[in-house]
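Asks: Can you keep this structure in mind? I'll have questions shortly.
What follows draws every value from the coordinates through simple rules; no lab data is involved. Note that the coordinates shown come from a computational prediction; the quantities given were computed from them, not determined experimentally. So basically every Cβ, Gly included, is an ideal-geometry build from the backbone, and we count neighbours across all protein chains shown.
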Amino acid sequence: MGAHISIPMYQRAIPQRYRLVGQKCVKCGKVNFPPKAVCKYCLSSAEFAPVKLSGRGTVYSYTVIAGGGAPPEFAEIARCKGRYPVALVQLEEGPVIIAQLVDVPEEEEIFIGMPVEAVFRKIYEEEGVIRYGIKFRPA
Amino acid sequence: MSVSVVSYGVYLPYLRLKREEYISAWGSCSAEIKEKTVMDVDEDVLTMAVAAAKDALEHIEAEQVSVLALASTSFPYQEKVMAGTIMEALGLPSDVLATHHGHSTLAGTEALLTACSLLAQAGGKYALVVVSDAPSASTAQDIEHSLGAAACAFVLAKEEPGLVLEGAYGYVSEVMGVRYRQAGERGIRDIGVRSFAAQAYTRAVEAAVTGLLKKLECSSEAYRHVVLHYYDLRTTASLGKRLGFSEEQLKGGLVYERIGDTGACSTLLGLCQTMENISPGDRVLVCAYGAGSGSQAVGFVLEQEKPACKTPLSVLLEKKRYISYTHYLKLKGVI
Ligand SMILES: [Zn+2]
């Protein structure tokens with residue numbers, strides 16, 4: 001089951017996907033990532049200031065995707081790596097996002113609370129177009 | 001107007017392949033490497049470029065970058081403005097004056113020298129030079145054994161203390177069949193006549209280095225570090241000697257043995273390595289070479305402060321995980 005994202009749709013989210021640009025709610029001051037129409041914290045404000053997140057965070061939870069579990073756009077990664085870890089990362093500004101973990105010495109060395117930092121990597125390739133985005137590595 | 005390197009960043013992929021893997025798979029390793037860097041399946045020249053550039057910009061405001069010079073022999077696209085990827089990933093201003101350099105291992109110094117000139121034209125404070133490379137060849141060819149991957153990035157500024165560029169000297173000549181790749185091909189190849197290739201290399205590097213020394217009215221002893229494009233241990237060492245450089249001067253920038261051939265990045269990685277052992281007043285000479293052929297020698301002097309660096313090369317050399325040759329072939333898409 002792939003989640004096909006068209007190129008124009010991917011393109012619209014480039015600042016968020018390439019360098020973690022989120023939005024700071026002008027009313028409650030909380031950081032929304034990914035960006036929302038209405039602040040998900042105070043549920044009342046739609047006014048935001050763009051804010052570049054630091055990319056630093058910790059592993060909130062993680063799992064390891066093995067063999068057939070990978071969506072088709074990640075088939076290439078599954079072919080090369082066999083298994084690869086995916087984590088919920090709690091960013092230091094608050095938001096929790098899902099992303100792959102890379103440059104991990106051993107799968108067993110991943111732990112909840114592990115400090116990580118964002119890295120710019122290829123997410124997948126479709127229609128001959130490389131989709132870049134953020135993954136995390138041990139900090 | 002003086003231009004200086006005020007900060008730099010280096011990136012090495014986390015994965016490494018040892019020499020022994022070639023020996024057990026092929027019976028020998030044709031490259032004088034102990035190990036080499038290997039990109040993971042989700043890395044390419046642009047992702048490495050972003051990583052090195054991010055480190056170089058650690059204490060620099062991205063909004064103040066007005067020039068972006070990008071270099072590689074192995075960009076992921078043959079046609080596309082790839083500065084856009086870098087600009088978005090780093091949050092550079094969209095009015096940055098951007099250039100792309102490729103086509104030979106000279107691309108790195110080309111980018112550096114172009115950025116220096118453009119910085120004089122551009123209004124902004126900084127120029128960012130990003131050199132990232134991962135040359136490739138068919139795994140059935142000897143030339144493939146040496147090929148590694150790495151990136152380095154330099155922030156240049158006008159009239160600031162740092163590693164000041166003192167001058168450059170270029171040389172080109174027509175040499176056929178040494179290291180080349182026809183349009184549409186993925187891998188480099190050569191006609192395999194080593195003595196012919198070594199001669200062309202020696203002639204080009206010698207011309208640029210002697211030209212630069214003469215132009216700057218410097219003797220060979222004036223340089224603390226000399227980084228010559230690496231050909232092979234014997235050829236490069238004997239050329240260094242012929243040019244009047246001592247082993248001491250030449251060893252500070254040797255990185256080939258633990259990284260491999262990183263194409264356009266090679267000599268500039270050597271420059272980064274010398275930054276870990278340099279004092280104010282020291283001079284560094286770098287000479288890049290591209291088969292076909294051409295060479296560019298660049299002279300620097302350190303004025304006051306060393307360029308800032310977040311993670312030095314010596315630290316990155318220790319951050320690694322070894323892979324098997326089978327895994328390597330999977331990454332190369334062979335199996
Ligand atoms: Zn709010």
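Asks: Peptides B:269-281, B:121-133: what's the order by average Cβ count within 10 Å, highest mean first?
Replies: Sorting B:269-281, B:121-133 by mean packing, highest first, produces B:121-133, B:269-281.
Asks: Quick one: what are the phi-derived ³J(HN,Hα) couplings along region B:137-153, Karplus 6.51/-1.76/1.60 with θ = phi - 60°, whole Hz, x for glycine and proline?
Replies: Values, residue by residue: 8, 4, 5, 7, 9, 4, 4, 5, 4, 7, 6, x, 8, 6, 9, 9, 9 Hz.
Asks: Follow-up. What is the average number of partner chain Cβ atoms found within 10 Å of a Cβ in B:36-42?
Replies: That average works out to 5.
Asks: Okay, next question. Provide the percentage of antiparallel DSSP beta bridges, counting only those with both residues in region B:67-133; round to the nearest 5.
Replies: 0
Asks: Report the antiparallel proportion of the DSSP beta bridges in region A:55-138 as a percent, rounded to a multiple of 5.
Replies: In region A:55-138, approximately 95 percent of DSSP beta bridges are antiparallel ones.
Asks: Right, next: Output the DSSP H helices from chain B with an along-axis C-alpha extent of no less than 24 Å and a mean Kyte-Doolittle hydropathy no less than -0.5.
Replies: Details: long enough: B:194-216 (33 Å, 0.25).
Going by DSSP H runs, the hits are B:194-216.
Asks: Okay, moving on. At a 10 Å Cβ-Cβ cut-off, how would you order B:256, B:180, fewest neighbours first?
Replies: B:180, B:256
Asks: Assuming a ≥ b ≥ c are the square roots of the Cα gyration tensor eigenvalues, decide whether region B:293-335 counts as rounded (a/c under 1.5), prolate (otherwise, with a/b larger than b/c) or oblate.
Replies: oblate
Asks: Within a Cβ distance under 9 Å of residue A:39, other residues only, what is the Lys/Arg minus Asp/Glu net charge?
Replies: Charge balance near residue A:39 sits at +3.
Asks: Can you work out the Karplus-derived ³J(HN,Hα) for every residue in region B:58-66? Use 6.51 cos²θ - 1.76 cosθ + 1.60 with θ = phi - 60°, whole Hz, and x for glycine or proline.
Replies: 2, 10, 10, 7, 4, 5, 8, 7, 10
Asks: Can I ask one more? If amide hydrogens are placed 1.01 Å from N in the peptide plane, which non-local residues have theirs closer than 5 Å to the one on residue A:60?
Replies: Amide H neighbours of residue A:60: A:88, A:89, A:90, A:113.
Asks: In deg cm²/dmol, rounded to 500, what helix-only [θ] at 222 nm does chain A give when every DSSP H run of at least 4 residues adds -39500 (n - 2.57) and the total is split over its residues?
Replies: -3000 deg cm²/dmol, from helical runs alone.
Asks: Which ³J(HN,Hα) values in Hz, rounded to whole numbers, follow from the phi angles of region A:111-117 under the Karplus curve 6.51 cos²θ - 1.76 cosθ + 1.60, where θ = phi - 60° and Gly and Pro get x?
Replies: Per residue, the Karplus-derived 3J(HN,Hα) values read 9, 5, x, 4, x, 9, 9 Hz.
Asks: Name the long-range amide H neighbours of residue B:98: under 5 Å, sequence gap of 5 or more, or other chain; modelled H, no Pro or chain starts.
Replies: Under 5 Å from the amide H of residue B:98 lie the amide H atoms of B:68, each far enough along the sequence or on another chain.
Asks: Where does chain B land at 222 nm, in deg cm²/dmol rounded to the nearest 500, when only DSSP H runs of n ≥ 4 count, each adding -39500 (n - 2.57), divided by all residues?
Replies: Only helices count here, giving -9000 deg cm²/dmol.
Asks: Using DSSP, restrict attention to beta bridges with both residues in region B:210-335 and report what percent are antiparallel, rounded to the nearest 5.
Replies: Values: 8 of 12 bridges.
Close to 65 percent.
Asks: At 7 Å along the Cα-to-beta-carbon direction for both residue B:214 and residue A:92, put a label point, then send me their distance in nm to one decimal.
Replies: 5.4
Asks: Amide H neighbours of residue B:138 under 5 Å, at least 5 residues apart or on other chains, H built in the peptide plane: list them.
Replies: B:188
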